[in-house]
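Here the structure comes first, spelled out in structure tokens, and everything after it is commentary.
The values are calculated or read from the model by the stated rules, or taken from the named source; none is laboratory data. Remember, it's a predicted structure, so these values are computed and weren't measured experimentally. Neighbour counts run over all protein chains shown; Cβ positions are idealised from the backbone, glycine included.
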Amino acid sequence: MTKPRRLLYSVCFMLSIYSKHRLSCNKLLERYPAGSNTFWRMASLLFCGPKLAACGLVLSIWGVIMLAMLGIFFTTHSAVLIEDVPFTEKDMEDGPTALQNIYNLYNQVGYNCFIAAAIYVGIGFLSFCQVRLNKRKEYLVH
Amino acid sequence: MSSLFRSEEMCLVQLFFQTESAHNCISELGHLGLVQFKDLNPSATAFQRRFVKEVKKCEEMERILRYLEKEMVKSNIVIAATKEKEMVPCARDVLELESTFEKLEQELREINRNHATLRQNLIELMDIDSLLRMTEDFFEEAESLLTYSEPPSEDSVSMTVSSHITSRRNSNSSTSGALHLSFVAGVIKQERFPAFEKVLWRLFHGNFVLRHAEIQATEELQAVRGAVKKDVFIIFVQGDHVREKIRKVCEGFRASLYSCPKTLYERKQMSNSVMTQMEDLRMILRRTEEYRAGVLTRAAEHVQEWGSKVKKMKAIYYTLNLCNIDITQKLIVAEIWCPVSDLAVVQNALIKGSEQSGSSVTPVLNRIQTQQTPPTFNRTNTFTEGFQAIIDAYGVGTYQEINPAPCTIVTFPFLFAVMFGDCGHGLVMTLFAVWVISQAESLRKWKNEVTDVVIGGRYIILLMGMFSIYTGLIYNDCFSKSFNIFGSSWCVRPMFHPHGPWQNETLHEYHHLQLNPSVPGVYSGDPYVFGIDPVWNIASNKLSFLNSFKMKMSVILGVSHMLFGVTLSLVNFVHFRKFQDIFLQFVPQLIFMLSLFGYLIFLILYKWCITLRSETAPSILLLFINMMLFDYQSEHVLLYGGQKGLQIFLVLTAVLMVPVLLLVKPFLIYRTRMKTRHQVFGNNPNDQHGTDTRSSFSHHQKDEMVSMGDISVYQAIHTVEFCLGCISNTASYLRLWALSLAHAELSEVLWRMVLQVGLKISSGMGSLMLVVLFAAFAVLTVTILLVMEGLSAFLHALRLHWVEFQNKFYEGSGYKFTPLSFDSLLKTQQ
């Protein structure tokens, strides 16, 4: 398995574990609402304020959309993005595989973009949970 | 005619209504928000007006309300927001409200005073309590001292170390026999203690024992007293004289002294009594606070309603001060400015008001003719409000002048977008504007100045964003990259052998190669369907092409905008029936502008349309300069046949228009004045007719305040301003090119220096770096490109409108219509 693919799978695995944990917390919180103190420790997974969480959410949505589109444009070998591809003199030597080398580089950058978009999906989910926790905390205090 | 193109027609109306129904009528008019009261007593100062006492009463009530609100905020009581439209109270209710307020204020002040006193007592008792507790050990020491002064026995071995030391210190002074130690006990601030100790040592040379300990700061102590640290001290001395001196020193250091009983039993009793007293005081304090909270909560339910009532009363009294009261004290006369189309609504409101007050006489409306200039009223809705505000910021339009606001709704966002031109940034801006529009009400509660400005301009930002997406698609620029949607018209492959000159070796020899459009196949012949060809994004001479394009586009846009402004002045002349000015001002101005700058636009468009060889193509700027200097040498290349003749004709026409603008109008005015004067003097035989004409002549004399000299100077200034302004304003529109270049370059730099670094890393860590760098890219895009460049482009587009566009037709010397409106009054307060 190639390195980026391994990384992608490990990240997804970690995210799934974390999301399961959060879902169980949220289920418990829903079953016992009205701020009982025992569940306060679970809600202390809140680590950023409402504004930071909202900014993180907006940033992640933008990141997902833009990086996904960039990934698509790289994998379709768009000529406008030629300057963002890290090719060297060696890749452009005369030979049967010169064009294929460039295309492979394009694909690599494209996959990087897709992985980054996936990471942003995770960050977006995290920020969304923080936003919900902040709202819940607001209601509980009052 | 009620539309945004022109300000509304206003009329001056006299109102007569009875004094009893005055309050209700004015309150109805205030709720309507359509009339502006004229000041009928302009010579009276604020203190000479009739209702000045009532206004003062209202202000006093407002002060009490502010005090109440402050108290509520201090005790964290939520002020309930009321939403219903309450009826305005009449004069009787004012007295009732006044007495309620005064009672509330007195009560609150008394409660606060008592609270402060009780708290002071509690602090004292707490001090005494801590004093008693801590001096226990000190007294034990003192007892041991007394016993130790007796001849030592076996019991003396069981002394504590501290008493050992003290005994050593005092053993010199101890004599056989019982010592009579008296003491002074008290509490002093910790920061003063070292100085206190030093003074005592200097005074008494060690003939005393001083013990001190810090009072442990418990939470309760901190809540009551604050963070001040205090020390308990006790001084054991011999003799009363010394004690008196010590007392004086303590007073000097502002230490509070408490009498401490000598025996253990008495001290215990005192401690107990202090404890019970403290408990009582705490309970009383709690009760006081509860009572205070209760009073404030009851008041909090009504405080907003009272506030709006008082504000309305004050506005009504202020308005009544502007009116005339009849001699019989029964009738009030008011003069109001009111839109003609709203007269019926105003009348209905007045009838409703008088019915409410139960008076039998309906108010009378009497429309009067006047020579005074009415205020300018532009009826706007939430969408057009923002645009009207930015026009009014420069100058409120003269009465019934053409209103530039409807044109500004389109031209302002468009000129902004020409300078901003990026569809990615435009999309972000549009989404932001949509969010602000949907959350406008909840964002208003933040009450921040910056957010208020953003909320006021939310529709402007929306339009700016949408137009930016459009110009971004034309410039083919999205976060500095182009889209290739329709297929580029340029192709590189035909440049190679066998079609074209390039070989494999050419690639190795040269770093930069230029595509040659005359080689067949390189340029397809049809330009890109919409916008700039995407091939320019990866060309290294991109800027040479884009600069030329954007500069010419700016000049075209600028001249069109200014021609539009000149045309609007024609509309003004037609409306105000100044037909003479059409031929004396509008036509020469138009001809001047068209023959010089209209011809420039023609040259630009013509050069774009014909095929030229780039080596021999003439520069438009040089052509224009030579045209003005009449410089036609044979080696200069011209664009088309007959150009020399046409250009000479146009320049001469333009130059001819200048004296027309300068001289004809003053000459005509002079001639008409001479004619009237001649007519008067020529009619001497007929005496009766003569007196009439003489009176009309004297009337004319009064109108002739403006002398001929003033008129000629004004006309000269206007001509010079227009003619020179044409050139400088056209050049000023080049900022459209300059700002769009700056924006494009900043965008490209940001992409290349931030995001490309992450894209170029091909290893596995590339994606993580990309995540971090994308966040940086997003933050920098928003702060630098959206906020900074956005504000800059906004400012420049606004300046282009205010100066270059509006000085062709706009007078802007009116005053704004400010109606009596309770809604805006309450909104501005909140």
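Before moving on, here are some points about what is shown:
- The listed residue being within 14 Å of another protein chain (Cβ to nearest Cβ) and either over 47 Å from the mean Cα position of the chain (by Cα) or at negative phi (or both), out of B:Y528, B:Y523: B:Y528
- For the stretch B:1-52, filtered to residues that are of a type in the set (G, A, S) and under 22 Å from B:G814 (Cα atoms), the residue that is surrounded by the fewest Cβ atoms within 10 Å (Cβ to Cβ) is B:S3.
- For B:I474, the stated conditions do not hold, so it cannot be described as within 30 Å of B:A793 (Cα to Cα), within 14 Å of chain A (Cβ to nearest Cβ) and not aromatic (F, W, Y).
- Selection count, the stretch B:795-826, where residues are under 27 Å from B:I717 (Cβ atoms) and either without any contact (Cβ under 8 Å) to a residue 24 or more places away in the chain or of a type in the set (K, R) (or both): 2
- Answer from B:V310, B:V274 - the residue that is under 30 Å from B:F208 (Cα atoms), out of contact with any Lys or Arg (no Cβ under 8 Å at 6 or more places or on another chain), crowded, with 16+ Cβ neighbours inside 10 Å and at pLDDT 85 or above: B:V274
- Scanning the stretch B:285-336 for residues that are in contact with a Phe, Trp or Tyr (Cβ under 7 Å, 6 or more places away or on another chain) and among the aromatic types (F, W, Y) yields one hit, B:Y317.
- When the stretch A:122-142 is limited to residues that are within 13 Å of A:V64 (Cβ to Cβ) and surrounded by fewer than 17 Cβ atoms within 10 Å (Cβ to Cβ), the one that is farthest from the other protein chains (Cβ to nearest Cβ) turns out to be A:F128.
- Test: B:A213 is more than 22 Å from B:A116 (Cα to Cα) and within 53 Å of the chain's Cα centre (by Cα): no
- Check on A:T97, closer than 30 Å to B:C491 by Cα and crowded, with 16+ Cβ neighbours inside 10 Å: no
- Members of the stretch A:83-107 that are at the interface with chain B (Cβ under 9 Å from one of its Cβ atoms) and touching a residue at least 24 places away in the same chain (Cβ under 8 Å): A:D84, A:V85
- Matching residues in the stretch B:327-364 - criterion: being of a type in the set (A, V, I, L, M, F, W, C), in contact with a strand residue (DSSP E or B) (Cβ under 9 Å, 6 or more places away or on another chain) and buried (at least 19 other Cβ atoms within 10 Å of the Cβ): B:I332, B:A334, B:I336, B:W337, B:C338, B:V346, B:L350
- Consider the stretch A:62-77 and keep the residues that are in contact with a Phe, Trp or Tyr (Cβ under 8 Å, 6 or more places away or on another chain) and within 11 Å of chain B (Cβ to nearest Cβ). The one that is surrounded by the most Cβ atoms within 10 Å (Cβ to Cβ) is A:L67.
- Hey, B:F573 in a helix (DSSP H, G or I) and touching an Asp or Glu at 6+ places or on another chain (Cβ under 8 Å) or not: yes
- Qualifying residue in the stretch B:536-554 (condition: of a type in the set (V, I, T) and part of a loop (DSSP other than H, G, I, E, B)): no
- Whichever residue in the stretch B:797-820 is part of a helix (DSSP H, G or I) and either among the aromatic types (F, W, Y) or surrounded by 19 or more Cβ atoms within 10 Å (Cβ to Cβ) (or both) and, among such residues, is farthest from the other protein chains (Cβ to nearest Cβ): B:K808
- The residue that is nearest to B:F486 (Cα to Cα), among those in the stretch B:535-571 that are within 14 Å of chain A (Cβ to nearest Cβ) and in contact with a strand residue (DSSP E or B) (Cβ under 7 Å, 6 or more places away or on another chain), is B:V535.
- Evaluation of A:V80 against the conditions (1) away from chain B (no Cβ under 12 Å); (2) modelled with pLDDT of 90 or more; (3) farther than 20 Å from B:V428 by Cβ shows that the sole unmet condition is (1).
- Summed over the stretch B:775-796, the residues that are of a type outside the set (A, V, I, L, M, F, W, C) and either under 22 Å from A:G56 (Cα atoms) or facing chain A (nearest Cβ under 7 Å) (or both) give a count of 2.
- Condition check for B:V333: closer than 30 Å to B:N112 by Cα and at pLDDT below 90: no
- Among the residues of the stretch B:755-774, just one is in contact with a Ser or Thr (Cβ under 9 Å, 6 or more places away or on another chain) and either touching a residue at least 12 places away in the same chain (Cβ under 8 Å) or more than 10 Å from chain A (Cβ to nearest Cβ) (or both), namely B:G758.
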